[in-house]
Every structure is written in C-alpha cells, then in structure tokens.
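Data first, discussion second: the structure below is written as structure tokens.
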Ligand SMILES: O=C(O)CCC(=O)C(=O)O
C-alpha cells in the first residue's frame, strides 16, 4: 500500500511525458556533427547534441532519460537470435562471460540453453551483438551526454529468469561506477534497451531519481536470504557472508556461478540502501532505451512471470577519461573479486601481473570520434 502510494507520488512528480520521450527528429549524421555545449555551462551531466532543453534538464535533475522505440524490433530480433545461439553453445566468443543464474548454477552446471543463462557479459568481440553498441540512433544520444569521442566499455545481455520463489532474480540497488576504474563519472553513461515489454511483473529497472548527484557509496553483497552449502574458506573471501565459493571456469570460457540461494556473483548492492527511499519503476516497451548516469542508484525487481526478461546494454565512456587506482577505496571489493576470477581462469601467476584497469583496457572499444587515454595503448 505504502509502496503504491509512493509510486503514485512519483508519477505525479515525474509525469510520463517528461521521461518517456519519442526519439528526436534528427538524423544520426546531423547529430554527430552537431555542436556540444562547453563544459562550463549550467549543465553538468550532458553536452547538448540531439537532446532537447527539456530532456537535458530532466537528465540533469534525475540522472536518467527514457527514449521510446529507439531500437527497432528487427534489430532486437537479430540480437535475440544471436544470444540464443551463444547460450546453445553454437557460437564461441573469446573473452565473453556466460553466467548461470544462482538458482540453477549447481543443479544445471553443464546444461546448455538460454533457460540456464542469466547474463552474458563482454561481447565486444562478437560482431553481431556489438552492432548494438555502434547503432547511430543510440550513439547520437551517447554523444549528447558525454561528448563526441566515445568508447564502449561494458556490454551485457541480461536474461532475467522467472524467479523460482527465492527472489534470486532481483538485482540489488547499486551504482554502476562501483565497477569502473575510470573517471570522471559525468563522462560515463549507460544505454539499456528493453528487448521486450518490461514491467514491474517481470522485473523492470528501479531507479532513485537524483541520486546521481551524490557520491559513490560503499557496496557489498546484500543481506538477503541465507544460502546453503556455505564454503567461505574455499573462496578466500570470508568477509562476504553470503559468498560461497569462487566460480568454476571451464576452458570454453563459460563461467558458472556456484552460489546457492540469495544473490548472483558480483551483484553488489549499496550497503547503506534504505528501502524507504522513493523509488521509480521504469516500465518500458520493446526498443525503448533508458540512458542513465553511473552514480544513479538503481536495480531491478524479481521476475514474477514464467518468461525470461531480456535487455541489452552498453556503458560508454568519453575516450579522454582517466583510469584510476582503486586500491584503498571501496572499489577494492570488486577489484579483488575480478582478480580471483582471473586467477581461476588463467592461474595465480598470470593474475599477479594483471591489474583491474587492464581488464577494462582490453574491453574498451572506440565506437565514435577519436581514441584517447582509455585505449589499450595508453599505459
Ligand atoms: O537489467 C537489469 O535487470 C539490471 C541492469 C543493471 O542494473 C545494470 O545494468 O547496471
């Protein structure tokens, strides 16, 4: 009841016409050539380009913006088909991680098929899925937020499974910057496109508008349901109460999450998250694209339907962002976790020589404009 009341309040405060925008009438080419507002303007989080003044103000205030029907259904069909082939094991993509949901990771460790995969990550070496990151209709908005020179940094297809009743399909409230060793934050933006109708029922994005104006908060595994088969010692990560053991990785690069129960691997949440904060459920149609700032507090709910819920996304950063050393910061948690995964995959000796920043250097791909400090050649 209280939640519905809060939701209604939000609908009053954020009427649909403000954050559900039709694509602006500008060709991709003209957007690429359009002028960008200098950084000393009243706008901190956007650069102009194709965005209308209303859209810019909305993003500045709220940290997200929805553009309706930005990606066509025929393109989404292509990505869906490719995703299925990858899950079926028909296509192998070097460097890509295929993750199983915590609810099936142990019971179906060797099964293939889309119903056992909750996410694929790092598809920069897949020509078909990576087309998404190069779509002019998406890039014209990306450039309007972060400027003309853009790198695709982090790519995902999320296949949120029907929740088996354990609420394991939830994505805890988090800030994406927690995962990124590069700055500044206002030169990073995510494009997240719904591959079908996405509602509260199947686990839409949940955002807390305005939180992008805050700081990066400390993250940890959320204090959700207790899992069984805990094996803290084996993973060397005793500090995480709910982490069972590090992932087992096969030579096919398939990465099996071995958690049981509450939370998927690396699904960290903001430690200080207060569930009474006013949330907004961003319900969208197929092709609608949500652009959001990396400090925006967001997550997604359980999938209460019997079908999988799919989205494709890419985090972009301006190519002149700088890598930062996260040692001694709250981001050490994720850096150590990534280090453990690399050690499992490639051996401890190799992992010793790979820095958290290197992982991102190798993933980064220029998608428009000029190369800069984020590229692999720039150490
Ligand atoms: O698609 C989802 O369910 C969550 C996505 C998300 O939180 C993210 O991309 O950071």
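The values are calculated or read from the model by the stated rules, or taken from the named source; none is laboratory data. No experiment lies behind these values; they were computed from the predicted model shown. Cβ atoms come from the backbone with ideal geometry, glycine included; neighbour counts cover every protein chain shown.
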Qualifying position, being over 30 Å from residue 141 (Cα atoms) and in contact with a strand residue (DSSP E or B) (Cβ under 6 Å, 6 or more places away or on another chain), among 348, 344, 304: 344
Output for the stretch 260-273, where each listed residue is more than 13 Å from the ligand (Cβ to nearest atom) and closer than 29 Å to residue 187 by Cα: 265, 271, 272, 273
Residues of the stretch 300-332 that turn out to be more than 16 Å from the ligand (Cβ to nearest atom) and either surrounded by 18 or more Cβ atoms within 10 Å (Cβ to Cβ) or within 19 Å of residue 363 (Cα to Cα) (or both), as a count: 9
Members of the stretch 300-317 that are part of a strand (DSSP E or B) and either within 18 Å of residue 82 (Cα to Cα) or over 17 Å from the mean Cα position of the chain (by Cα) (or both): 309, 310, 311, 312, 313, 314
Subset of the stretch 215-235 (residues that are modelled with pLDDT of 90 or more and under 25 Å from residue 158 (Cβ atoms)): 216, 217, 218, 219
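Conditions tested, residue by residue: (1) without any contact (Cβ under 8 Å) to a residue 12 or more places away in the chain; (2) over 26 Å from residue 216 (Cβ atoms); (3) in contact with a strand residue (DSSP E or B) (Cβ under 7 Å, 6 or more places away or on another chain); (4) crowded, with 23+ Cβ neighbours inside 10 Å.
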site	(1), (2), (3), (4)
137	no, yes, no, no
144	no, no, yes, yes
158	no, no, yes, no
182	no, no, yes, yes
Test: residue 364 is away from the ligand (no atom under 16 Å from the Cβ), within 23 Å of residue 83 (Cα to Cα) and buried (at least 18 other Cβ atoms within 10 Å of the Cβ): yes
Which numbered condition residue 333 misses (of (1) touching a strand residue (DSSP E or B) at 6+ places or on another chain (Cβ under 8 Å); (2) outside any helix (DSSP H, G or I)): (2)
Unmet criterion (only one of (1) away from the ligand (no atom under 16 Å from the Cβ); (2) in contact (Cβ under 8 Å) with a residue 60 or more places away in the chain; (3) in a loop (DSSP other than H, G, I, E, B)) for residue 202: (1)
Subset of the stretch 274-299 (residues that are part of a loop (DSSP other than H, G, I, E, B) and either under 22 Å from residue 71 (Cβ atoms) or within 10 Å of the ligand (Cβ to nearest atom) (or both)): 283, 285, 286, 287, 288, 293, 294, 296
Options 142, 208, 158, 146: the member that is farther than 25 Å from residue 73 by Cβ, at pLDDT 95 or above and either under 16 Å from the mean Cα position of the chain (by Cα) or within 16 Å of the ligand (Cβ to nearest atom) (or both): 208
Boolean, residue 189 is within 16 Å of the ligand (Cβ to nearest atom) and farther than 30 Å from residue 329 by Cα: no
Spans of helices (runs of 4 or more DSSP H) in the stretch 7-77 with at least 2 residues closer than 30 Å to residue 277 by Cβ and at pLDDT 95 or above: 53-62
